[in-house]
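Presented below is the structure to which this report refers.
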Amino acid sequence: MTPVVVITGQLAAGKSTVAGALLARHDLGLHLDVDAVREMVVQGLASPLEPGEETDRQFGLAIAGAVALAAIYHEADLAVVIEGAIDPRRTAAALTAAGLPWVGVVLRPSLEVALARNRARSNKPFHASLLEAAIRRIDGDLRRHPAPPPWVTIDNGAEGLDATVDRILRLAERPR
């Protein structure tokens, strides 16, 4: 059975784009966007641009919810991709506790590529420039605290979408 693929990384790294392209290679697939799960909170949604205890709690709940959904759809033999700017350690623990096989990928284009991609975005309900400080902070965090094995970091700013998807598919085929 195909493992659940988890994609995290820098803002504007292409997580949603890669998830969609990856799932397009399967007959049946489920894209779980952790931000979309988190944004189902209709009253009291904590802003990820203002980190704090409540924001952290809501991300934890969203990860737990995404993993629960992943388990249901994975059991039904659908390819599952969970994506979002999420903590690799917390996500790995939730997947392992659920007994799901998984492959973790951190997309980390250069800071310059992430900033350029962010400036070109038109899919946000706010001006993308509001994310630039967060992009710079996350880039520094990823540099100082890389994801632990078995997570694999990919600089997808230096390769095309198909090459990134091919690389992730090869990772998913490895025996665990």
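The values are calculated or read from the model by the stated rules, or taken from the named source; none is laboratory data. Keep in mind the model is a prediction, meaning the values are calculated, not measured. Cβ sites come from the backbone with ideal geometry, for glycine too, and all protein chains shown count toward neighbours. Calculation scope for accessible area: heavy atoms of the full protein, side chains included, ligands and nucleic acids excluded. Shrake-Rupley method; radii C 1.70, N 1.55, O 1.52, S 1.80 Å.
Some points to look at:
- Look at the stretch 65-85: where a residue is open to solvent by less than 60 Å² (accessible area, probe 1.4 Å) and a partner is acidic (D, E) and at pLDDT 95 or above, sitting 6+ places away or on another chain with Cβ atoms under 7 Å, you get E83/D33; G84/D33.
- Screening the stretch 1-35 for residues that are in contact with a Gly (Cβ under 7 Å, 6 or more places away or on another chain) and more than 12 Å from I154 (Cβ to Cβ) and picking the one that is surrounded by the most Cβ atoms within 10 Å (Cβ to Cβ) gives V6.
- Number of positions in the stretch 86-121 that are buried (at least 21 other Cβ atoms within 10 Å of the Cβ) and of a type in the set (G, A, S): 3
- Note on the stretch 41-64: among residues that are surrounded by 14 or more Cβ atoms within 10 Å (Cβ to Cβ) and in contact with a helix residue (DSSP H, G or I) (Cβ under 7 Å, 6 or more places away or on another chain), the one that is nearest to A97 (Cα to Cα) is A64.
- So S16, is it more than 16 Å from A94 (Cα to Cα) and assigned to a helix (DSSP H, G or I): yes
- Just one residue in the set V113, V80 is touching a His at 6+ places or on another chain (Cβ under 6 Å) and either at pLDDT 95 or above or among the hydrophobic types (A, V, I, L, M, F, W, C) (or both); that residue is V80.
- The stretch 9-65, subset closer than 25 Å to L161 by Cα and among the acidic types (D, E), residue modelled with the lowest pLDDT: D35
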